[in-house]
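Nothing in this text is a laboratory measurement; each read-out follows from the coordinates by a stated rule. What you are looking at is a predicted structure, and each value in this text was computed from that prediction instead of being measured. In this analysis, Cβ positions are derived from the backbone assuming ideal geometry, glycine residues included, and neighbour counts consider all displayed protein chains.
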Amino acid sequence: MRLKDVLSPFLAWKHLFSPPVPVRKPLEREAAPRYRGFHQNDMEECIGCGTCEEICQNAAIDMVPVEGIGTRDGDSGLRPRIDYGRCCWCALCVDICTTGSLTMSNEYQWIDTDPDVFRFVPGAEAKPWDERKKGYRKPEHYELYNTERIPMEEVPPEARSKSFIEIVKGYSKAQALREADRCVECGICIATCPAHMGIPEYIKAVREDDMEQALRVLYETNPLPEVCGRICTHKCETVCSMQYKGDPISIRWLKRYIADQVPAERYEEILGADAVEQSNKKVAVIGAGPGGLSAAYYLARLGYRVNVFEERAEPGGMMRYGIPEYRLPYDQLDKDIGYIRSLGVKMTFNTRVGKDITLEQLHKDYDAVFAATGLHQGRSTRVDGADHPMVFQAIDILRDVTEGKKIEVAEKIVVIGGGNVAMDIARTLARLQNQKYGKVQLILTSLESEDIMPADLEEIVESREENVVIEPSWGPGSIKIEDGKIKGLNVIRCLSVFDEDGRFNPKFDQNETNFFEADQVIEAIGQGMDIEYMTKKFEDRLEMTPRNRVKVDIFGQSSLPWLFLGGDITGGTDAITAIADGHRAAKGIDKFLNK
Amino acid sequence: MADKNKYREKFPEKDPDGSNIIDPESHKFIKVWQGPQHPGITGNMSLELILQGDEVMHCKTHVGYLHRGFEKLMERRRFIQCFPLVCRIAVPEPDFNEYCLAATLEELAGIKVPEAAKWMRTLILEMSRLTSFLMWLGGQSGAFGLGVAGQWTNYVRDLMLDRFEEISGGRIYRMHIPPGGVRGLTPDGFRARMEETLQAVEAAMKDVDRTLFDNAVFKRRTVGLGYIPPEMVDAYGVTGPNARAAGVPKDVRRDHPYLKYPELDFDVITGNDSDVYTRTDLRRKEILLSVDLIRQIMAKMPGSGEYMAKLPNVLHWKIPRGETYIRAECTRGEYGFYTVTDGSGYPRRINVRGPSYTHAVALMEKLAVDCNIADVAGLMSSLHTYPPEIER
């Protein structure tokens, strides 16, 4: 044994007068800026998507209703409640949070004798650390899912500008799988979709490459998937929780992908419902548009004998006669309608109710009637010169194009309107101008400024690609006519379209004017309905709303119990709303007839 | 080694294989349970000791006090949900679990980790080794009655936890190595503060040197205690410092290089005669090596750059059918995850290979025999085991 080994340990005594080492007092010590402490949640930013609850492996998070926060489009109204008896502070909830509202403060101390207080809704119950700037935030460039949308391939402008070839090419399988992978299955979209389609469910089926299941999910709420997969206004995408950090999921294109994958011959095999008891009861449907077709499909599925009365020679309504072929090819429309007809739905074409057959007669022959006759009467601006023969209604021309009639196409055209119909007619005429003159000279002018134009953004972008000139924020003044010929459109600056209450009340600056040269003017400022076939005869018994619409309940049932209404005539604005109305009316009719 | 049998009675007689014959009816034996609450047992396990006088005649280990079923739990968790779970398998150095899980999933899913993330992971793993060794040293000296060295090393360990807190926001469970990369690089001014901490570690180790290693009591009690002959190393699955102290240069960092270790300059530390003193001394050298490696990493690692690979949506992440074994050198030896995936969104099976299983069960039962009861705690500490990883 060495002497050193005996003496050396006494060196510990040199610390005899050193201050104690834990000099930092726990209650005063501030945690690191990245510390994962108690949660903070920005109540305004949070949309209640529930991905935090989904990823938490401790089941420490529950989505609960919170006082003062209601359910609305894009917000489930629920907020995460965290149980700190279960939380392991891993911060995966912060990483996955779609809006970035959920963060963690660097506060880690909180003492209370009541164990229940450690389960609370961050942000809803005021805590001392709510305003803390320090604490764990999701690091930049660190994502637990792909935030970028898989781009959709389109036919380039030069290849499509002279023809009505379909622009959007559709996803390949690999693209669809990658796009479907992005969905976090929050289901916020379901409430916003007018038809409440099972969106996360069919996206999941895409992910699992189970097209049969996907198609079944689509048909639960929508019998026109090829159509909606192309022209739906996709309100679902406007609330998609993926949009906060990146792009919303391409829900519409995924729907199209599903429908495109399954050939029409296999529909019956996949969707063929269990044998339904055929009822002897008969239902008449007026109008073979999306509302009427949807009602017919679900009524047929319920066993009713359905006859659809259609004014035109072919079914589809606005989908065929309003929407141009480059957006919705007729063969795809026919695929959807063909399946509905295969269920035994009868269709009577070239029959206008009110002219060829009366509503009274239908009431007599059928047990219930569903009317979805749409808005087919173009509205006029009624400016000076609007009665000139070279002033047309967009809706009339679109119909004539479908029917293959000869169309007046001038060298210079002005389209008035900023909605999707205006875009449809502008792009249709641009193609026809290109075919006829080899160039496009078409101005589209709207009251609305570009940021509030009702048309879809992609319509605006694609119109420009096709050389349509867009002139927003102008109000039509008068149509200049010389020697009986149209010279152009005088416009005045539109300052605002809506008043403070959000009502349509445009304000103009008379001093700022402009002149758009044209030989032809197209009005596309909206359409009205013609429901005289209904109101004339049953005027006294049909209850109306203050806005002079037929009053209906949630099922579309009017004050005449046998008469149901839906689609654009009850305030719908698009195909998917009409489809939803048709589905609801089918349920309502079933209820009514089984009373 | 002192010939202990010199002082012993004829009892007990030996089997032909050399093990003691224990006859309870003889009333010459007494059974003592050490643990599961005994501080000398490193964590929640216990030793069932049969003594004759104060000599251990037979040792049987018991685990099961801390069974949380991580391997089974993971089979019911999505891949990303395993990430916050695995750190609990070995509390004092959770990062090896995170690394093994992340590297497993990356390999099976074909994800390439960015360079900066690899450096960051190397830093975290080496910091984790250092932190774990510092805490262990306290336990080792404490087991022989020398509490003061442990106070010093645990203080500097606390400084290391401050550095972890800066990087990751967590002191004990860092959770900084998710599959795909890391959750962030080092914050501003980190290098200076890390250097300061490393100097504090070195200063503390100087004091430990004098009080623990130049200590007559410690030497008398540990030299020759718990000797692992080199031929036992492979037979008993001994790895890490326990094996290296026996002169077997086993080190995953060198034998199966991973992360950025091939770019670091270090020699595998070995010793002669793997007794408690040699093992303690070897770990002291490992602490100094870790300090050196952290300095090397800090000098070489980039201060910026991508640190996270693009992941598929983790909420429904499916990993193709496959299997792999990923290992790393933790403080106790080879730490590995053997994983089988079946193409679903959940791991089919993850088996955690922690060195504590072999060291604390098979090896301990062998080494404890013929020890003095007073030395059992020190012997147990010298094998450096963490019971939670025995009971995954």
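Counting only C-alpha contacts under 8 Å and six or more residues apart, can you give the relative contact order of chain A as a whole percent?
Relative contact order comes out at 12 percent.
Cross-link partners among lysines for residue A:162, C-alpha distance below 20 Å, same-chain residues fewer than 8 apart left out?
Partners within reach: A:405, A:406, A:412, A:436, A:439.
In the neighborhood of residue A:64, defined by Cβ-to-Cβ distances under 13 Å, what is the net charge if each Lys or Arg adds +1 and each Asp or Glu adds -1? Don't jump to the answer; show the numbers that get you there.
Working: positive: A:79, A:81, A:119; negative: A:53, A:62, A:67, A:83, A:125.
Local net charge: -2.
Below 8 Å between Cα atoms, with a sequence gap of 6+, how large is the relative contact order for the stretch A:107-261 in percent?
23 percent
Please compute, for the alpha-carbon atoms of the stretch A:379-527, the extent along each of the three principal axes and give them in descending order in Å.
Projected onto the principal axes, the Cα atoms of the stretch A:379-527 cover 45, 38, 25 Å.
From Cα pairs below 8 angstrom and at least 6 apart in sequence, can you work out the relative contact order of the stretch A:179-293, rounded to a whole percent?
For the stretch A:179-293, the relative contact order is 27 percent.
Cross-link candidates for residue A:138: which lysines have Cα within less than 24 Å, leaving aside residues fewer than 8 places away along the same chain?
Cross-link targets: A:127, A:245, B:112, B:118, B:310, B:318.
Got a sec to turn the phi values of the stretch A:327-334 into Karplus ³J(HN,Hα) couplings, 6.51 cos²θ - 1.76 cosθ + 1.60 with θ = phi - 60°, whole Hz, x for Gly and Pro?
Couplings: 9, 9, x, 4, 5, 6, 4, 5 Hz.
Sequence-distant or interchain residues sharing an amide H contact under 5 Å with residue A:347, placed H: which?
Excluding prolines and chain starts, which carry no amide H, the hits are A:308.
Using 0.36 nm times the number of residues separating residue A:162 and residue A:439, minus their current alpha carbon distance, what extension gain do you get?
98.8 nm
With a cut-off of at most 12 other beta carbons within 10 Å, and DSSP calling the residue loop, which trypsin sites (Lys or Arg not before Pro) in the stretch B:14-113 qualify? Please list them.
Values: sites: B:14, B:28, B:31, B:60, B:68, B:72, B:76, B:77, B:78, B:88, B:112; in loops: B:28, B:68, B:76, B:77, B:78, B:112.
Filter output for the stretch B:14-113: B:76, B:112.
I need the calculated FRET efficiency for the pair residue B:48 and residue A:30, taking r as the beta carbon distance and R₀ as 41 Å, to the nearest 0.05.
On the way: r = 48 Å, r/R0 = 1.16.
So, using R0 = 41 Å, E works out to roughly 0.30.
If you restrict to DSSP beta bridges whose two residues both lie in the stretch A:26-144, what percentage is antiparallel, to the nearest 5?
90 percent
In whole Å, what is the distance between the alpha-carbon centres of the stretch B:66-118 and the stretch B:228-304?
With the stretch B:66-118 and the stretch B:228-304 each reduced to a Cα centre, they are spaced 23 Å.
Using the Karplus equation 6.51 cos²θ - 1.76 cosθ + 1.60 (θ = phi - 60°), what ³J(HN,Hα) coupling, rounded to whole Hz, does each residue of the stretch A:434-439 give in order, writing x for Gly and Pro?
Whole-Hz 3J(HN,Hα) from phi for the stretch A:434-439: 4, 5, 7, 10, x, 8.
Describe numerically, in nm with one decimal, the distance between label points set 7 Å from Cα along Cα→Cβ at residue A:553 and at residue A:469.
Result for the modelled spin labels: 5.6 nm.
Among residues other than residue A:475 whose Cβ falls under 14 Å from its Cβ, what is the net charge (Lys/Arg +1, Asp/Glu -1)?
Cβ neighbours under 14 Å give a net charge of -3.
What distance in nm separates the two pseudo spin-label positions at residue B:255 and residue A:120, each 7 Å out from Cα along the beta-carbon direction?
The two pseudo-label positions are separated by 5.3 nm.
Could you tell me the distance between the Cα centroids of the stretch B:306-366 and the stretch B:131-206, to the nearest Å?
Going from one Cα centre to the other spans 25 Å.
Would you calculate the separation in nanometres between label points at residue A:42 and residue A:510, each defined as 7 Å from the Cα along the Cα-to-beta-carbon direction?
4.7 nm
Taking H as built 1.01 Å from N, whose amide H comes closer than 5 Å to the amide H of residue A:370, not counting residues under 5 places away?
Under 5 Å from the amide H of residue A:370 lie the amide H atoms of A:284, A:285, A:286, A:564, each far enough along the sequence or on another chain.
Calculate, in nm to one decimal, what residue A:349 and residue A:174 gain on full extension: separation in residues at 0.36 nm each, minus their alpha carbon distance.
Using 0.36 nm per residue and subtracting the Cα-Cα distance, I get 58.8 nm.
In the protein assembly as shown, what percentage of the DSSP-assigned beta bridges are antiparallel, given to the nearest 5?
The antiparallel proportion sits near 65 percent.
Does the stretch A:476-595 come out rounded, prolate or oblate, given a ≥ b ≥ c as the square roots of the eigenvalues of its C-alpha gyration tensor, rounded meaning a/c under 1.5 and, failing that, prolate meaning a/b above b/c?
Here the stretch A:476-595 falls in the prolate category.
For every helix of n ≥ 4 consecutive DSSP H residues, a contribution of -39,500 (n - 2.57) applies; sum these over chain B, divide by its total residues, and give [θ] at 222 nm rounded to the nearest 500 deg cm²/dmol. Before the final figure, lay out the partial values.
Values: 14 runs with 162 residues, N = 392.
For chain B, the value works out to -12500 deg cm²/dmol.
Fewest Cβ neighbours within 10 Å first, please rank A:359, B:123 accordingly.
A:359, B:123
Distance from a point 7 Å along Cα→Cβ of residue A:360 to each backbone N in the stretch A:529-554: keep the residues under 17 Å and list them by number.
Output list for this probe position: A:532-542.
Taking the Cβ-Cβ separation of residue A:379 and residue A:269 as r and a Förster radius of 41 Å, what is the calculated FRET efficiency to the nearest 0.05?
For R0 = 41 Å, the calculated efficiency reads 0.35.
Along its principal axes, what span do the Cα atoms of the stretch A:311-405 show, with the longest given first and each in whole Å?
49, 34, 19
Suppose only helical runs count, i.e. DSSP H with n ≥ 4. What mean residue ellipticity at 222 nm does that imply for chain A under -39500 (n - 2.57) per run, divided by all residues and rounded to the nearest 500 deg cm²/dmol?
When only DSSP H runs of four or more count, the value is -8500 deg cm²/dmol.
Between the alpha-carbon centers of the stretch A:1-75 and the stretch A:437-502, tell me the distance in whole angstrom.
59 Å
What FRET efficiency comes out for the pair residue A:457/residue A:191, r = Cβ-Cβ distance, R0 = 22 Å, nearest 0.05?
0.45
Counting only other residues whose beta carbon sits under 11 Å from that of residue A:405, what net charge do I get with K and R as +1, D and E as -1?
Result for the local shell: -2.
Would you grab the residues whose amide H sits under 5 Å from the one on residue A:381? Only those 5+ places off in sequence or on another chain, please, with H modelled 1.01 Å from N.
Excluding prolines and chain starts, which carry no amide H, there are no hits.
Considering only DSSP beta bridges with both partners in the stretch A:379-527, what is the antiparallel share in %, to the nearest 5?
If I count the DSSP bridges inside the stretch A:379-527, around 55 percent turn out antiparallel.
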